[in-house]
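Engineer: To start, I am sharing the structure in question, which I have written as structure tokens.
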């Protein structure tokens, strides 16, 4: 998330923290946060979470604090995603009804819209990564996305785990294509980490 979006997430979060009905909660690493039968949204003040689809447990996006959880499902009866904590997380919860009143009184809807717009853009990027002609194209797009990460994040990212959790592609298929790309000199991978990527476009 860019600096502007971090600032507005923090702004909304500060208002939630000050609200009389909000509450603080700490989640352990790998703990799940459900939105079904849960009429609350959360301000993620510390930690990192990933969103998973309920129907197939596929990981769709990952977000670091500060971030707002549940905005996309505030006005919808359809709860399509749950959240899992990648680290120990700290959050502030507030009921959707109180959040709506708070957003009205503090003119926060515009900020919430900006955060949602960024989230939608991430889903569009994900759709582009998976809507390729073949498995090579899907893997190539995911490697391209990993290569665009900040270096420190990229160094900690296993290309195999990253692709496996976001797609229904077998580990053997990923290994096969990664090996072919390494032999062709298109990428360099060391212990599952992407060291170099020459953005190959062939066979996509």
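Engineer: Test of understanding: ordering 124, 113, 103 by Cβ neighbours within 10 Å, fewest first, what list do you get?
Structural biologist: Values: 124 9, 113 12, 103 20.
Going from least to most buried by this count: 124, 113, 103.
Engineer: Something else: Quick one: work out Rg over Rh on the C-alpha atoms of segment 130-187, Rh as Kirkwood radius. Could the numbers behind the result be given before it?
Structural biologist: On the way: Rg = 11.0 Å, Rh = 11.7 Å.
Reported Rg/Rh (Cα atoms, Kirkwood Rh): 0.94.
Engineer: Separate question: Given a Förster radius of 22 Å and the C-beta distance between residue 14 and residue 64 as r, what FRET efficiency does 1/(1 + (r/R0)^6) yield to the nearest 0.05?
Structural biologist: Details: r = 17 Å, r/R0 = 0.80.
Using R0 = 22 Å, I get an efficiency of 0.80.
Engineer: Give me P(r) over the chain, computed from all C-alpha to C-alpha distances, binned every 10 Å, as integer percentages.
Structural biologist: 8, 32, 31, 19, 9, 2, 0
Engineer: Follow-up question, since we're still on this one. Helix 135-147 versus the longest principal axis of the chain: what is the Cα-based angle in degrees, 0 to 90, to the nearest 10?
Structural biologist: The angle comes out near 60 degrees.
Engineer: Still on this structure, please answer the following. Would you mind computing, in nm to one decimal, how far apart the modelled labels at residue 171 and residue 104 are, each placed 7 Å from Cα along Cα→Cβ?
Structural biologist: Result: 5.3 nm between the two label points.
Engineer: Would segment 66-117 count as rounded, prolate or oblate if I go by the C-alpha gyration tensor, calling it rounded below 1.5 in a/c and otherwise prolate when a/b exceeds b/c, oblate otherwise?
Structural biologist: The shape class here is prolate.
Engineer: Let me ask another. At 7 Å along the Cα-to-beta-carbon direction for both residue 135 and residue 182, put a label point, then send me their distance in nm to one decimal.
Structural biologist: 1.7 nm
Engineer: Going by how many other Cβ atoms sit within 10 Å of their own, how do 130, 8 line up, fewest first? It would help to have the intermediate numbers written out before the result.
Structural biologist: On the way: 130 15, 8 21.
With the sparsest Cβ surroundings first, the list reads 130, 8.
Engineer: Using the Cα gyration tensor of segment 3-122, with a ≥ b ≥ c the square roots of its eigenvalues, what is the shape: rounded (a/c below 1.5), prolate (a/b larger than b/c) or oblate (neither)?
Structural biologist: Since a/c stays below 1.5, the shape of segment 3-122 is classed as rounded.
Engineer: Here's another thing I want to ask about it. Within 10 Å, count the other beta carbons around each residue, average over each peptide in 56-65, 28-37, and list them highest first. Each step should come with its number before you reach the end.
Structural biologist: Details: 56-65: 15.8, 28-37: 12.6.
The packing order, highest mean first, is 56-65, 28-37.
Engineer: Another question, then. With the contact rule set at Cα under 8 Å and sequence spacing of 6 or more, what percent relative contact order holds for segment 1-120?
Structural biologist: 37 percent
Engineer: Which of the three applies to segment 114-161, rounded, prolate or oblate, going by the alpha-carbon gyration tensor with a ≥ b ≥ c and a/c under 1.5 meaning rounded?
Structural biologist: The shape class here is oblate.
Engineer: Arrange 11, 194 by Cβ neighbour counts within 10 Å, fewest through most, would you?
Structural biologist: By the 10 Å Cβ count, ascending, the order reads 11, 194.
Engineer: Right, next: Of 181, 68, 129, which has the largest mean-square fluctuation in a 10 Å C-alpha GNM of the chain?
Structural biologist: Most flexible of the set in this elastic network: 181.
Engineer: How far is helix 171-183 tilted off the main Cα axis of the chain, in degrees rounded to 10, range 0 to 90?
Structural biologist: 60 degrees
Engineer: Can you tell me the orientation of helix 109-130 relative to the chain, as the angle in degrees between its alpha-carbon axis and the longest Cα principal axis, to the nearest 10?
Structural biologist: That helix lies at roughly 20 degrees to the long axis.
Engineer: Grab the alpha carbons of segment 88-196, take their convex hull, and tell me the volume per residue in Å³. Intermediate values should be presented prior to the final figure.
Structural biologist: Values: hull volume 16.4 nm³, N = 109.
Per-residue hull volume (Cα only) is 150 Å³.
A short reminder: the numbers here are calculations on the coordinates, not readings from a lab. All values derive from a computational prediction rather than experimental measurement. So basically every Cβ, Gly included, is an ideal-geometry build from the backbone, and we count neighbours across all protein chains shown.
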